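Heads up: the structure comes next, in structure tokens.
The values are calculated or read from the model by the stated rules, or taken from the named source; none is laboratory data. Since this is a predicted model, take the numbers as computed values, not measurements. Note that we place each Cβ from the backbone using ideal geometry, even for glycine, and neighbour counts take in every protein chain shown.
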Amino acid sequence: MLSVTDRHWSAAAGWVRRYLRPDDAVARALTWATMTTSLSKGVFFSVSVLFFTHVAGFSATTVGFGLTIAGAVAVPAALGAGYLARFVGARRVLLATTAGQGLALVAYLLVHTPATFVVVACAAVGQQAMQRTALSTMIAESFTGPDRVEMRARLRVITNAFIGVGTGLAAVAIVLDTKLAYLLAMLATGALLIVSAFLLRRMDRGAELTATDGSRTAGVRQSPLRDRTYLAITGLYAVMSMQVGMLTVGVPLWIAGSTKAPAATIAALLALNTVIVSLLQVWAARGAKAIRSAGRAVAWAGTLLALACGLYAMAAHGAIAVVVVVLTLATVAHSLAEILSEAGSWTLAFELADPANVGAYQGVSQTGAALGSMLAPLVVTATAIQHGLPGWILLGVLFLLAGSLTMALVRRQVNGSLLPG
């Protein structure tokens with residue numbers, strides 16, 4: 001019999017083999033590229049604001065303004081990448097934007113004026129949005145049926161895990177708190193993306209796409225811009241996507257300004273979210289492989305987000321211990337909503353798309369995600385942060401409606417009663 005230690009090692013080896021060394025050549029290339037990209041994100045998320053303000057010398061207002069403009073640029077960039085992928089191939093778009101984003105991050109080291117900061121930020125964030133569209137399109141073209149959603153889920157697990165590793169590495173620069181440390185950390189973010197592009201480049205030799213390229217499929221292609229059902233679900237996906245900004249921007253502001261919880265609670269809750277997503281995202285994806293189950297997943301996500309909003313609001317009152325418990329319960333509900341929302345939305349984005357026009361459809365879907373990311377800080381601060389309980393209630397109702405309406409559209413789809421167009 002295997003000892004407890006042997007079983008643990010065997011389980012760890014199985015996890016590494018399943019997640020980091022998949023048998024499929026395309027999956028393996030995307031996995032390793034995602035690892036390095038996520039390391040870059042983890043370092044960047046941790047040190048970028050400190051670099052911009054302490055080293056580059058920009059005010060917080062300038063940084064916020066520049067990133068807001070960059071977020072607006074990301075919306076059409078995500079859409080355009082889908083159409084570009086149709087003509088030149090999703091792999092080429094993914095390769096070019098990964099390398100381009102790496103160069104843009106390195107260019108941050110050279111910016112000295114607000115104008116150049118905005119230009120570089122637009123290049124970095126815009127190419128990141130294009131990268132997400134190209135990745136989604138590659139998965140849609142390279143895998144079939146439920147395998148596509150499970151691949152997305154596996155990559156998301158890897159993303160969360162390696163962002164965590166990158167955050168840990170960035171802690172070295174933060175502890176040192178010197179100009180050189182921040183410069184090296186920012187340089188590393190760009191270098192890691194260049195490595196990621198190199199790993200994707202190797203697909204030319206060892207991991208050719210095996211699925212039919214939708215952009216070359218004969219026949220009439222339906223435009224996603226004329227597909228009212230798809231556009232409606234994408235708009236609702238944009239609303240549901242705001243839950244990410246609620247967790248990363250709204251909740252920290254709420255905890256710091258309106259509750260008795262210690263500041264360390266913020267980091268603990270974000271870590272809890274990372275653990276839940278990493279452990280349960282693949283499970284959620286396996287339960288949302290069909291259109292109907294995907295709609296149910298999004299509906300449940302809306303309900304759980306409404307519950308989380310109520311719990312966050314309740315955390316404004318009570319003793320510290322009670323507040324921490326309530327915030328923990330809210331984060332658990334929020335995290336479960338996140339994995340269900342993403343799993344359901346991935347399936348709907350893949351299954352409702354015209355197979356002959358995959359890139360354009362994935363571009364529209366990722367535009368919804370970009371819109372949600374852009375609007376989240378504004379919506380969350382204008383509701384929950386400024387108005388407290390009434391704002392949280394309004395936000396919860398918004399998520400509840402988005403989930404319910406998504407389920408209603410899915411039912412119409414399943415019953416063959418599509419919206420016109």
Check on Val63, in the same structural domain as Gln128 (by TED's automatic domain parsing), touching a Lys or Arg at 6+ places or on another chain (Cβ under 8 Å) and touching a residue at least 40 places away in the same chain (Cβ under 8 Å): no
Qualifying residues in the stretch 266-275 (those that are in contact with a Ser or Thr (Cβ under 8 Å, 6 or more places away or on another chain) and in contact (Cβ under 8 Å) with a residue 40 or more places away in the chain) - the one surrounded by the most Cβ atoms within 10 Å (Cβ to Cβ): Leu269
Just to be sure, is Val326 without any contact (Cβ under 8 Å) to a residue 12 or more places away in the chain, in a helix (DSSP H, G or I) and not assigned by TED's automatic domain parsing to the domain that holds Gly166? no
In the list Thr31, Thr98, Thr36, which residue meets the criterion of being under 22 Å from Val195 (Cα atoms), touching a Pro at 6+ places or on another chain (Cβ under 8 Å) and at pLDDT 90 or above? Thr31
Here are Ala360, Ala343, Ala369, Ala313: which of them is over 30 Å from Gly145 (Cβ atoms), crowded, with 21+ Cβ neighbours inside 10 Å and of a type in the set (A, V, I, L, M, F, W, C)? Ala313
Yes/no for Gln386 being under 26 Å from Thr68 (Cα atoms), touching a Lys or Arg at 6+ places or on another chain (Cβ under 6 Å) and in a helix (DSSP H, G or I): no
Testing Ala333 on (1) without any contact (Cβ under 8 Å) to a residue 60 or more places away in the chain; (2) over 22 Å from the mean Cα position of the chain (by Cα); (3) assigned to a helix (DSSP H, G or I), one condition comes back false. Which one is that? (2)
Do we have any residue at all in the stretch 159-169 that's more than 19 Å from Ser196 (Cβ to Cβ) and crowded, with 18+ Cβ neighbours inside 10 Å? no
Here the qualifying pairs (Cβ atoms under 6 Å; residues six or more apart or on different chains; first in the stretch 170-183 and modelled with pLDDT of 90 or more; second hydrophobic (A, V, I, L, M, F, W, C) and surrounded by 13 or more Cβ atoms within 10 Å (Cβ to Cβ)) come out as Lys179/Val55; Ala181/Ala173; Tyr182/Val47; Tyr182/Phe51; Tyr182/Val55; Tyr182/Ala173
For Leu352, all conditions in the list (1) surrounded by fewer than 22 Cβ atoms within 10 Å (Cβ to Cβ); (2) over 27 Å from Ala77 (Cα atoms) hold save one; what is the number of the exception? (2)
How many of the residues in the stretch 315-353 are under 30 Å from Ser223 (Cα atoms) and out of contact with any Lys or Arg (no Cβ under 6 Å at 6 or more places or on another chain)? 14
If you take the residues in the stretch 256-265 that are exposed (fewer than 15 other Cβ atoms within 10 Å of the Cβ) and in contact (Cβ under 8 Å) with a residue 40 or more places away in the chain, which one is farthest from Ala321 (Cα to Cα)? Gly257
Taking helices (runs of 4 or more DSSP H) that fall entirely within the stretch 115-209, which contain at least 3 residues that are under 29 Å from Leu280 (Cα atoms), within 16 Å of the chain's Cα centre (by Cα) and of a type in the set (Val, Ile, Thr)? 146-176
Residue list for the stretch 74-98, filter: aliphatic (A, V, I, L, M) and surrounded by fewer than 20 Cβ atoms within 10 Å (Cβ to Cβ): Val88, Ala96
Among the candidates Ala288, Ala313, single out the residue that is in a loop (DSSP other than H, G, I, E, B) and either under 20 Å from the mean Cα position of the chain (by Cα) or at negative phi (or both). Ala288
Of the residues in the stretch 166-184, those that are over 13 Å from His54 (Cα atoms) and in contact with a Ser or Thr (Cβ under 8 Å, 6 or more places away or on another chain) come to Gly166, Thr167, Ala170, Ala171
